[in-house]
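Scroll down for the structure; my scribbles are underneath it.
The values are calculated or read from the model by the stated rules, or taken from the named source; none is laboratory data. Note that the structure is a prediction, hence the values are computed from the model and not measured. Positions of Cβ are backbone-derived with ideal geometry, glycine not excepted, and every protein chain shown enters the neighbour counts. Accessible surface is based on the protein model in full, side chains and every heavy atom, while ligands, DNA and RNA are left aside. Shrake-Rupley method; radii C 1.70, N 1.55, O 1.52, S 1.80 Å.
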Amino acid sequence: MEKQPDTLEGVVESIIFKNEENGYTVARVLLDEGGAATLVGTLPCLGAGEHVSAVGTYSVHPQHGLQFQAESYLREMPVDEEGIYAYLASRVVKGVGPKTAELIVDRFGEETFDVLASDPERLAQVKGITPARAREIQTDFLRLHAVRRLLELLTEYRLPTWFAAGLTAAYGDRAADAVRENPFLLCDEPYLLSFQQADEAAAQLGIGEDDAVRLEAGIRYVLEFNLQAGHTFLPQDKLMETASALLRREPGWLASHLEDLIGRGALVRETLRGRDVIYLREIWRQEDYAAKAVCRLASMRLAPPPNLQKILEKKERESGLCYAEKQREAIAMPFSNGLTLITGGPGTGKTTALMTMIEIFSAYGLKTLLAAPTGRAAKRMSELCNQEAKTIHRLLEPAFDRAGRMVFQKNASDPLQGDVVVVDESSMLELSLATSLLEALPPHARLVLVGDADQLPPVGAGSFFADLLRVEAIPQVRLTEIFRQAQGSDIVVNAHSFNRGEVPSLRKNDGDFYFSAARGAEQTLETVVSLMARRIPEHFGIPREEIQVICPSRQGLCGTENLNRRLQEALNPPAEDKGEAVIGETAFRTGDRVMQIRNDYDRMWKRLDPAETGTGVYNGDTGIVTLIDRSARMMIVRFDDKVADYSFDELPELELAYAITAHKAQGSEYAAVVIPVFSAPQRLLSRNLLYTAVTRAKHLLVMVGREETVAQMAAQANAHRRYSALRLRVKEALQEDDA
């Protein structure tokens, strides 16, 4: 028989701890049935004197005794003078402490809350409260009231209470009304509620299946959902077919609602090559702006230094290198052009060309800004070029506007201060981030994009780098020659074979590339675990922390979810002296390797050497759990040289990272990589996924599984088509300019 949840009812006696940012609260509650308990959970704006009815789970904490973890709750404001005083004295209202609370309650008694809400001028009758302060107290009291209404609404309809902070920032006192009128707004960033969940809430709120709010939201949702698949637009017929299935209405029934959305400017319709296509307005703006900015840069011609070739010859003598013809072209091209694209696989000299180019820029007094899409890629770029490189997000300085939306402070009004911007790992650039970078470029600056076009496309919408490489009019260099020192690496040689659709001999098993055959998924799994836990550290001397398992898929016996559980059991089992936090089906322990799985622009971090504080932890950042404090419900993670705190309620932002997908591995390098290649969904068994995973390894690559799966991946060309018109826009505009 299924265990019934526990219940708690009582009056809040005191607030022990509260986190103002996320609403996490620890309170002492006097139970209606007698005795007391510690109440913990996301309970924003909870104050002493309130009556709480909660559903959740009782547990006994070794240090703090009986605790109740609230999953859902109802709250009632106090009605008697004693309770009203306790509420105000707990400092839940800004500007009111115990002494002021006593004076207010003595003056107004049980009318106090009515006075605070609707007659604040009377507060000025209390000694020490000026009219201005009275208005400030009312403003905060009404804010709390609005937050309470919102939380009650979210709780009633079983919607996540952590939405409250963002909704309050975006809609202020109207947040609850906004959700009641249109619960589908919760499908947007940063909430990303599924349409099905929002639809259930809408039905309970009385929004009918044929309500325009629902039908228009469904059409928008299809476009927003397909951004995650990389599409910047959808053909109108495909959009209406998909929306029809989602909304259970015929396409003709939806046609007028599509026209209304276009008429109001929420969506944009264009005709591309004779076919009507539909964009979300902001995505259309980004694609249009990016195309125009690219055309401006690609048309910019600069006078190169007259002695550039002599400088290159001097660099060759100093370094003992002999640049290949294509390398010379790659180094020289940015000195003559506003936009340069440089692409090539491993061992083709991209890094050497990049380092030399940056040295020459500096020699000519050009201020060069270095950037990459991920923290690991930026760190590697810094080490190679002996100059600070930043993530693109950090370069553009993220901040929040009044509605709580993330914006970049560096833009057309306040551009970057530099003469050249060089971006590495450009294949990861999605349209939105690329557009923000283009908007922040000063008019005179040139842009150099470096990357490997054969890797996986970006996680977000568009294929910015790959699209531009397909426009011949844009200055570009493709490096193809594998240099002699790289020819000794089977990782490099085999990666290029895979990229050509060929399967090299997998039975050689020496050097830096190994293949271990496995008869079944369970054997594949056990081999991967033993390689990371014992065999690679013992035979190759590579520490466990420098070994990364990269999987084609999250699901299945050999997917990241199951492998992370098994690897955690082997590498970091539970122990009495080890902190642990259990969230859903995941247990985090001190010493675990974890990854941030969404951009958190306001996550605070600290760096000790040099001492620095800042904000922003981004999707794909990996770290180590250094401390778990169960009493404070707090976990600390070290990301390279900086640390960040997480409350237990924020742990869904993290996942274990002993095994990660190839998409998450992009932009990173590891001393050793282990790849299980047994089975996965057909769409994931692709050549560019295999190539991306293999090229993450620096010194050792071990593949485990079936040769047939490797051959299948190598043979499957990257056929997943993304709907994007960037290439078409740029190509047509440049042809017009030539004309």
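Please count how many residues of the range 494-519 are open to solvent by 40 Å² or more (accessible area, probe 1.4 Å) and modelled with pLDDT under 90. Within the range 494-519, residues that are open to solvent by 40 Å² or more (accessible area, probe 1.4 Å) and modelled with pLDDT under 90 number 7. When the range 242-278 is filtered for residues that are of a type in the set (Gly, Ala, Ser) and touching a residue at least 12 places away in the same chain (Cβ under 8 Å), the ones remaining, listed by number, are ALA243, ALA255, GLY265, ALA266. The set of residues in the range 531-544 being within 33 Å of the chain's Cα centre (by Cα), surrounded by 14 or more Cβ atoms within 10 Å (Cβ to Cβ) and not in a loop (DSSP other than H, G, I, E, B) consists of LEU531, MET532, ALA533, ILE536, PRO537, ARG544.
Can you tell me which residue within the range 484-493, out of those that are open to solvent by less than 40 Å² (accessible area, probe 1.4 Å) and at pLDDT below 90, is nearest to ARG446 (Cα to Cα)?
Looking at the filtered set, the residue picked out is ALA486.
Please specify each residue of the range 499-523 satisfying the condition of being closer than 18 Å to HIS699 by Cα and without any contact (Cβ under 8 Å) to a residue 40 or more places away in the chain.
Answer for the range 499-523, where residues must be closer than 18 Å to HIS699 by Cα and without any contact (Cβ under 8 Å) to a residue 40 or more places away in the chain: LYS508, ASN509, ASP510, GLY511.
One residue stands out among those in the range 613-639 that are of a type in the set (D, E, K, R) and modelled with pLDDT of 85 or more: the one that is farthest from GLN409 (Cα to Cα), which is ASP629. One residue stands out among those in the range 551-598 that are open to solvent by less than 10 Å² (accessible area, probe 1.4 Å), touching a Cys at 6+ places or on another chain (Cβ under 7 Å) and of a type in the set (A, V, I, L, M, F, W, C): the one that is farthest from ASN619 (Cα to Cα), which is LEU563. Of the helices (runs of 4 or more DSSP H) that lie entirely inside the range 95-183, those containing 3 or more residues that are under 26 Å from TYR73 (Cα atoms) and under 29 Å from the mean Cα position of the chain (by Cα) span 131-156, 163-171, 175-181.
Screening THR242, THR232 for residues that are in a helix (DSSP H, G or I) and either under 26 Å from the mean Cα position of the chain (by Cα) or among the β-branched types (Val, Ile, Thr) (or both) leaves exactly one candidate, THR242. Residue pairs whose Cβ atoms lie under 7 Å apart, separated by 6 or more positions or on different chains, with the first residue in the range 602-626 and within 15 Å of ARG376 (Cβ to Cβ) and of a type in the set (Ser, Thr, Tyr) and the second open to solvent by less than 30 Å² (accessible area, probe 1.4 Å) and in a loop (DSSP other than H, G, I, E, B), are THR622/ALA657. Based on this model, can you work out whether ALA466 counts as more than 26 Å from GLN716 (Cα to Cα) and open to solvent by 20 Å² or more (accessible area, probe 1.4 Å)? So ALA466 does not fit the description; no.
What number of residues within the range 617-636 are touching a helix residue (DSSP H, G or I) at 6+ places or on another chain (Cβ under 7 Å) and either open to solvent by 40 Å² or more (accessible area, probe 1.4 Å) or assigned to a loop (DSSP other than H, G, I, E, B) (or both)? Residues that pass the stated criteria total 4. Applying the set (1) at negative phi; (2) open to solvent by less than 40 Å² (accessible area, probe 1.4 Å) to GLY230 leaves exactly one unmet item: (1).
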